[in-house]
Amino acid sequence: MTETQTDWIHRHAEAIAARAPRELEALVAVSTPSGDAHAAEEAAAVAAALAPDDAEVERIPCSSPDHAPDLLVRLTGTGSRRVLLLGHLDTVVAHRDHRPLRREDDRLVGSGTIDMKGGDVLALGVLRALAHRREDVAEAALLLVHDEEWRIGGFAHVDRFAGFDACLCFEGGQHADDGNDAVIVKRKAAATVQVTATGRSAHSGSAPDRGVNALLALADCARQVAGCHDPQGDDHLTVVPTVIRCGNAFNVVPDRGELIFDVRADMLDAFERVVAAVPGEVGGARLQASLMREWPGMDSRAATAGLLERASAAIGRPIVPAARGGASDASHFAPSIPFTVDGLGPLGGGAHAPHEFVLASGFKPRAEVALAIVDAVLSE
C-alpha cells in the first residue's frame with residue numbers, strides 16, 4: 001500500500017520524538033558559548049553524526065572571524081524543490097555556568113535546550129525524513145552556525161541559498177493564545193547601538209573638578225536616548241539601555257566608557273533616529289555613536305498563508321501564523337526566500353537562564369508541524 005503524505009508525517013514525527021531526548025542530551029553535553037572554536041568543533045561533530053548516513057557534510061566559513069567553520073549538511077535528489085533548514089549551535093552560557101541535561105518530569109532542563117539545541121535536534125530529524133523523499137527534492141540543506149548569539153558583523157550565507165524554495169528555521173516553538181500550534185512569520189528588525197564617551201581623568205579626591213566624567217556623560221545619554229522608546233508608534237520602536245562599562249579605579253574620574261542599547265523596530269531605517277538622538281557632547285565629554293549587529297525585519301505572512309493552510313490540512317489541526325520580537329537568522333533569508341518560516345523548534349522556555357528547558361512531550365507535535373510544512377513545500 002502506498003504511504004500517504006499524512007502517514008509520512010506521522011511516521012517520521014514519531015521517529016524524531018523517540019530519538020530527541022538522547023540526541024538533545026548529546027548536544028547539550030557540549031558547552032558551546034559563542035566564540036569558543038574548540039567547543040564549536042565538538043558540537044559540529046555531534047550534529048554531523050546525527051545526520052543521514054549518505055549526507056554530504058561541509059564546513060563553510062563562519063560569518064564571524066576567529067570562529068569555527070559553520071556546519072552545512074546536504075542531501076540531493078531527483079526532484080525540483082530546494083529546502084534550507086536553519087539553526088545555530090552556539091549559546092550565551094559561559095562554560096562555568098553550563099548545565100548538562102537533566103529531566104524534571106516532562107521538562108528537559110539544560111543550557112541551550114530551547115535556544116536552540118532542541119530545534120537543532122528537530123531539524124536533524126526533518127533532514128533524515130527528507131532522505132526518504134529524494135524524488136521530491138533537488139537539494140535539502142541543513143545550516144548550523146556558530147555565531148548567532150553574538151555576531152557583530154554581517155551574515156555571510158544569504159547568497160549561497162538565494163533561489164531556494166523555502167527557509168525553515170528551528171528557533172523555539174510556541175502556542176497561540178487559543179492553544180493552537182504557532183509558527184513565526186513576522187519578526188522585528190534588531191540592532192545594537194554602541195556609544196563611546198571620551199572625557200578626561202583626574203584624581204576623584206584631590207582634583208575631581210579637573211576631570212571630565214565619562215560615566216556621567218553616558219548616564220545622561222542613556223536617559224536622553226531612551227526617550228526614543230515608542231513601542232506603540234508607527235515603527236513599534238523599542239530602545240533599551242542594556243550595558244554600561246566605565247571606570248577602572250574607585251578614586252579616578254573615568255575618562256572613557258561604553259554604553260550599549262538594544263533597539264528593535266519593524267524596519268532597520270527606524271534606528272537611524274536613535275543614532276541621531278545621541279548628543280555629540282555632554283558635560284565636556286565627547287560622545288560617538290555607531291550602529292552594529294544589524295538584523296533585518298521579516299514579514300512572510302502573505303507568502304506563507306497558503307503554505308500554512310495546506311500544512312494544517314495535512315495534520316488535521318490548525319498551524320497559525322505569529323509574530324515575535326526577538327531576532328533570528330531567518331530574517332536574513334526572508335528577502336530572497338519568500339517561503340521563510342521560523343519558530344519550528346520544540347516548546348519550552350527560560351532561554352539564556354539557568355532553568356532553560358524544553359518539554360519532552362512537545363517533540364512529536366512540533367515535529368508534525370515541521371514535517372507538514374516541509375510536505376506543503378514539496379507539494380507546491
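Derivation of every value follows stated rules applied to the coordinates shown; laboratory data play no part. Note that this is a predicted model, so its numbers are computed, not measured. Positions of Cβ are backbone-derived with ideal geometry, glycine not excepted, and every protein chain shown enters the neighbour counts.
The table that follows gives values for the structure above.
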{"read-out": "Packing-based order for 64-75, 247-258, using average beta carbon neighbours within 10 Å, highest first", "value": "64-75, 247-258"}
{"read-out": "Selected from Leu259, Val212, Gly233, residue furthest toward positive end of dipole (the stretch 189-295; charges at beta carbon)", "value": "Val212"}
{"read-out": "Packing-based exposure ordering (other Cβ within 10 Å, fewest first) of Ser204, Ser111", "value": "Ser204, Ser111"}
{"read-out": "Separation in nanometres of the label points that stand 7 Å from Cα toward Cβ, at Asp105 and Asp234", "value": "4.9"}
{"read-out": "For the stretch 284-320 versus the stretch 193-244, the gap between their alpha-carbon centres in whole angstrom", "value": "31"}
{"read-out": "FRET E, pair Glu258, Ala138, Förster distance 51 Å, beta-carbon r, rounded to 0.05", "value": "0.60"}
{"read-out": "GNM flexibility winner over the chain from Gly350, Gly87, Gly284 (Cα, springs under 10 Å)", "value": "Gly284"}
{"read-out": "Choice from Ser80, Ser206, Ser331 showing the highest fluctuation, given a GNM over the chain with Cα pairs closer than 10 Å", "value": "Ser206"}
{"read-out": "The chain, relative contact order in percent, only Cα pairs under 8 angstrom and at least six apart counted", "value": "23"}
{"read-out": "Calculated Rg/Rh (Cα atoms, Kirkwood Rh) (choose from (i) 1.04; (ii) 1.22; (iii) 0.96), label", "value": "(i)"}
{"read-out": "Residues Thr91, Thr78, sorted so that the one with the fewest Cβ neighbours within 10 Å comes first", "value": "Thr78, Thr91"}
{"read-out": "Cα centroid of the stretch 59-88 to Cα centroid of the stretch 96-137, whole Å", "value": "17"}
{"read-out": "Under the span-like rule (Cα at least 27 Å along the axis, Kyte-Doolittle mean at least -0.5), DSSP H helices of the chain", "value": "5-28"}
{"read-out": "Contour minus Cα-Cα distance for Phe250 and Ala94 (0.36 nm per residue)", "value": "53.4 nm"}
{"read-out": "The stretch 89-168 - charge dipole about Cα centre, Lys and Arg +1 at Cβ, Asp and Glu -1, debye rounded to 20", "value": "300"}
